[in-house]
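The values are calculated or read from the model by the stated rules, or taken from the named source; none is laboratory data. The model shown is predicted, which means the values in this text are computed figures rather than measured ones. So basically every Cβ, Gly included, is an ideal-geometry build from the backbone, and we count neighbours across all protein chains shown. Remember, those area values only see protein heavy atoms, side chains included, never the ligands or the DNA or RNA. Shrake-Rupley method; radii C 1.70, N 1.55, O 1.52, S 1.80 Å.
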Amino acid sequence: MENTPAFDDAYDFFAKCQLPIYILTNNDTKYVEESMNRLELQPKAIISSEMTHYYKPAKEAFEKALEIIGLDAQEVIYIGDSLGKDILAAQEVGIQPYFIGKEHVDDENIKVLETLLDIFQYI
């Protein structure tokens with residue numbers, strides 16, 4: 001079985017990040033847990049569509065994820081690589097989104113990152 005895809009700098013990101021890392025995914029929990037174990041990455045929690053009963057880009061997936069982890073939207077950031085599936089829904093519920101991608105972003109409230117490690121200039 002293949003791993004869940006990870007950014008090339010995921011290991012450095014996990015090693016450097018002092019904040020808890022949560023993964024919000026449309027994939028099955030077991031599959032992502034197995035992949036994280038194989039990649040030797042340890043997020044604080046994996047929140048899947050199985051748990052939220054919604055799929056991204058539904059804003060309810062993000063709302064339910066916040067409920068599950070017990071945080072308010074203003075207490076978290078969201079890093080995603082899909083404007084349509086990740087960023088806009090996170091922004092809609094009040095989460096500060098950070099976009100990793102090559103697409104042009106006209107919204108000044110969405111920060112654009114070239115790599116995961118670029119987030120550390122903001123947090």
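For the reader, a short list of remarks on this structure follows.
- Scanning the stretch 70-89 for residues that are open to solvent by 30 Å² or more (accessible area, probe 1.4 Å), assigned to a helix (DSSP H, G or I) and farther than 23 Å from L117 by Cβ turns up Q74, G84, L88.
- Matching option when the condition is over 24 Å from V105 (Cα atoms) and among the small types (G, A, S), among A90, A58, A45: A45
- Test result for E67, farther than 18 Å from L19 by Cβ, open to solvent by 60 Å² or more (accessible area, probe 1.4 Å), modelled with pLDDT of 95 or more and not hydrophobic (A, V, I, L, M, F, W, C): yes
Condition check ((1) in contact with a Cys (Cβ under 6 Å, 6 or more places away or on another chain); (2) at pLDDT 95 or above; (3) more than 25 Å from E92 (Cβ to Cβ); (4) part of a loop (DSSP other than H, G, I, E, B)) across all residues:
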position: E2; (1), (2), (3), (4): no, no, yes, yes
position: F7; (1), (2), (3), (4): no, no, no, yes
position: L24; (1), (2), (3), (4): no, yes, no, no
position: E33; (1), (2), (3), (4): no, no, yes, no
position: R38; (1), (2), (3), (4): no, no, yes, no
position: L41; (1), (2), (3), (4): no, no, yes, yes
position: I47; (1), (2), (3), (4): no, yes, no, no
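- Flag if L39 is touching a residue at least 24 places away in the same chain (Cβ under 8 Å), more than 21 Å from D86 (Cα to Cα), surrounded by fewer than 16 Cβ atoms within 10 Å (Cβ to Cβ) and aliphatic (A, V, I, L, M): yes
- Pairs linking a residue in the stretch 15-31 that is under 12 Å from I119 (Cβ atoms) and open to solvent by 30 Å² or more (accessible area, probe 1.4 Å) to a residue that is among the β-branched types (V, I, T) and assigned to a loop (DSSP other than H, G, I, E, B), with Cβ atoms under 7 Å and 6 or more positions apart or on different chains, are L19/I123.
- Filter result (in a strand (DSSP E or B) and open to solvent by 60 Å² or more (accessible area, probe 1.4 Å)) within the stretch 90-122: Q96, K111, V112
- Residues that are open to solvent by 70 Å² or more (accessible area, probe 1.4 Å) and in contact (Cβ under 8 Å) with a residue 12 or more places away in the chain, drawn from the stretch 44-56: K44, E50, M51, Y55
- When I110 is tested against the conditions (1) touching a strand residue (DSSP E or B) at 6+ places or on another chain (Cβ under 9 Å); (2) modelled with pLDDT of 95 or more; (3) not charged (D, E, K, R), the lone failure is (2).
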